[in-house]
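J.: Below: one structure in structure tokens.
The values are calculated or read from the model by the stated rules, or taken from the named source; none is laboratory data. This is a predicted model, so every value here is computed, not measured. Positions of Cβ are generated from backbone atoms using ideal geometry, with glycine treated the same way; all protein chains shown enter the neighbour counts. Accessible surface areas use protein heavy atoms only, side chains included; no ligands, DNA or RNA. Shrake-Rupley method; radii C 1.70, N 1.55, O 1.52, S 1.80 Å.
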Amino acid sequence: MAYVRQNFLPVHPHKTAIDTTVPVRQYSQRHVGDAFRSLSRSTEVPLTPGDPATIGVSLLRNSSGLAELVAFSTPTEIITVSVDSPSSNPLDASFQQLLAGQATLKYQDASGEILEHEMILVGFYMPQIAILLQMAFGVRVRGVDLGALHSPSTLSPWLPGKVISAKVYQAVGSYKVNELWSGNEQGTTTVCLRAWISASSGLVNRVPEIFVMQKRLTRSFSTPRSFSVSVHFA
């Protein structure tokens, strides 16, 4: 198992330790079913009744501007999926449901009752992510854009650093967080950290708002049934 080191956020809202490592599990596209099950196992339970389980997402593009690696994350574990192009293997049904916003986390509580929670993809710049995921996996994608979720205007989404400093952890270095999205270093570690920070944005009473807001078209994004995209580079 691989690990990435993070020094952005406490690993728990009531702890002050920041410099920690987060485990990373790596999967190929043909094993996305195993990736989904690993995400489900790493989701911390029990959740508050009615709250969704939020899954952070980010991706790495190839020289053609298309997705070549996708990172999914809970606050305790990161999963990477390498994208086949093209893939001759059918996509696992549970993974398709995750992308489409239709997956459910099921677990048994202490009393033996089976509880279910909706699993929702969250990230920054979600419209771009969703389109590239649909192009990569051929599935309509539904998720919540965290920058638009917290901004008073959906036309001016907050930058990641502003969201984290205002809503999660005031002592975070906003510039350092923003550099993960806008800096020159855009490798696997960076993508994993972006997904992890997106997932960790739900640690401090943000999940109920995400659950409500993701039902508003102005705050969530789902890809159309069909579209055409041109990718240009200067």
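J.: For Ala103, what residues show an amide H to amide H distance below 5 Å, using hydrogens built from the backbone and excluding near sequence neighbours?
T.: Leu98, Met119
J.: Glu116 to Gln186: FRET efficiency via 1/(1 + (r/R0)^6), r the Cβ-Cβ distance, R0 41 Å, to the nearest 0.05?
T.: My answer for the efficiency is 0.65.
J.: While we're on this one: Go ahead and collect, in residue order, the members of region 47-88 whose backbone nitrogen is under 16 Å from a label point 7 Å along the Cα-Cβ direction of Gln97.
T.: Residues 52-55 fall inside that zone.
J.: From the phi of every residue in region 142-157, what ³J(HN,Hα) in whole Hz does the Karplus formula 6.51 cos²θ - 1.76 cosθ + 1.60 yield, where θ is phi - 60° and glycine or proline is x?
T.: Working through the residues one at a time gives 10, x, 10, 8, 5, x, 6, 4, 9, 7, x, 10, 5, 7, 10, x Hz.
J.: Could you give the distance between the Cα centres of region 130-190 and region 30-50, to the whole Å?
T.: Result: 21 Å between the Cα centres.
J.: I would also like to ask the following. Kindly identify region 64-195 as rounded, prolate or oblate by the Cα gyration tensor criterion: order the square roots of the eigenvalues as a ≥ b ≥ c, call it rounded if a/c is under 1.5, otherwise compare a/b with b/c, prolate if a/b is larger, else oblate.
T.: Since a/c reaches 1.5 but b/c is at least a/b, the shape of region 64-195 is classed as oblate.
J.: With +1 on each Lys and Arg Cβ and -1 on each Asp and Glu Cβ, and nothing else charged, work out how big the dipole of region 49-159 is about its Cα centre, in Debye to the nearest 20.
T.: For region 49-159, the charge dipole is close to 400 debye.
J.: Given the whole protein assembly as supplied and a 1.4 Å probe, what does the accessible area of Ile131 come to in Å², nearest 10?
T.: Rounded to the nearest 10, the figure is 50 Å².
J.: Sequence-distant or interchain residues sharing an amide H contact under 5 Å with Trp158, placed H: which?
T.: Long-range HN contacts for Trp158: Ala148, His150, Ser151.
J.: Once fully extended, how much extra length lies between Tyr175 and Leu66, figured as 0.36 nm per residue of separation less the alpha-carbon to alpha-carbon distance?
T.: 36.6 nm
J.: Please find the FRET efficiency linking Gln108 to Tyr3, where r is the Cβ-Cβ separation and R0 is fixed at 22 Å, and quote it to the nearest 0.05.
T.: Efficiency, rounded to the nearest 0.05: 0.15.
J.: Could you point to the residue in Gly143, Ser165, Leu133 farthest towards the positive end of region 112-181's charge dipole, with +1 and -1 charges on the Cβ of Lys/Arg and Asp/Glu respectively?
T.: Final value for the positive-end residue is Ser165.
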